[in-house]
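The values are calculated or read from the model by the stated rules, or taken from the named source; none is laboratory data. Just so it is clear, the model here is predicted, and its values are computed rather than measured. FYI the Cβ positions are ideal-geometry reconstructions off the backbone, even for glycines, and counts take in every protein chain you see.
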Amino acid sequence: MENNHVFFHSIHQLSRHLTKHLNEALEPFGLFSSQWSVLYVLKEKGKLTQTELCDYLAVEAPPMTRTIQRLARHGYIERHSGEDRRKKYIQLSKKAEVEFANWEKAVLTAQQGVIERVPEASQKQLQLLVTVWLKHI
């Protein structure tokens, strides 16, 4: 592909627009997309270390630390020591478990508003391409 910079710029712009829609959906809850990502992963995978979260979400440690601190201040996560006291595990708090359904509903509504404008065949193609790309990165 001759114009890789145009291709990658387009992907970046798509990501920015999707993040903007997600932030707008989460605004009434005082959350941002970066926080939602952490909350979602913890809901799906259970307790994880900060390193595991960073690796899974491809986020560097300093911004992840800030995100975790904000979520802890809101009472949405809890930190616990593992068997090896040097390892600290992060998990959703009871408060977050209660609120999660409301956040998820807002996110799903925002996602549906975006995806309904794209033909189903294109959605399937994009999902396949994204899966392939993620395996190779």
The stretch 4-111: helices (runs of 4 or more DSSP H) wholly inside it with 3 or more residues that are farther than 24 Å from residue 135 by Cα and among the basic types (Lys, Arg) are 61-73
Residue 87 is checked against (1) over 22 Å from residue 46 (Cα atoms); (2) modelled with pLDDT under 95 and fails just one. What number does that condition carry? (1)
Anything in the stretch 31-73 that is closer than 17 Å to residue 98 by Cα and of a type in the set (Asp, Glu)? List them, or say none. 44
Qualifying residue in the stretch 95-102 (condition: loosely packed, with under 11 Cβ neighbours inside 10 Å, more than 22 Å from residue 12 (Cα to Cα) and modelled with pLDDT under 95): no
When the stretch 112-128 is checked residue by residue, the ones that are outside any helix (DSSP H, G or I) and of a type in the set (A, V, I, L, M, F, W, C) are 118
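Among 114, 118, 59, 130, which is the only one that is over 21 Å from residue 29 (Cβ atoms) and in contact with a helix residue (DSSP H, G or I) (Cβ under 9 Å, 6 or more places away or on another chain)?
118
Just one of 47, 87, 105 is touching a residue at least 24 places away in the same chain (Cβ under 8 Å) and within 17 Å of the chain's Cα centre (by Cα); which is it?
On the way: 87 fails: within 17 Å of the chain's Cα centre (by Cα); 105 fails: touching a residue at least 24 places away in the same chain (Cβ under 8 Å).
Just a single option satisfies the conditions, and that option is 47.
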Residues of the stretch 16-30 that turn out to be surrounded by fewer than 12 Cβ atoms within 10 Å (Cβ to Cβ) and closer than 20 Å to residue 100 by Cβ, as a count: 3
Among (1) surrounded by 13 or more Cβ atoms within 10 Å (Cβ to Cβ); (2) over 17 Å from residue 26 (Cα atoms), which single condition is residue 80 missing? (1)
Counting only residues that are aliphatic (A, V, I, L, M) and closer than 13 Å to residue 111 by Cβ, which one in the stretch 4-23 is nearest to the chain's Cα centre (by Cα)? 22
Are any of the residues in the stretch 122-137 among the hydrophobic types (A, V, I, L, M, F, W, C) and over 23 Å from residue 8 (Cβ atoms)? no
Regarding residue 85, is this residue of a type outside the set (Asp, Glu) and loosely packed, with under 14 Cβ neighbours inside 10 Å? yes
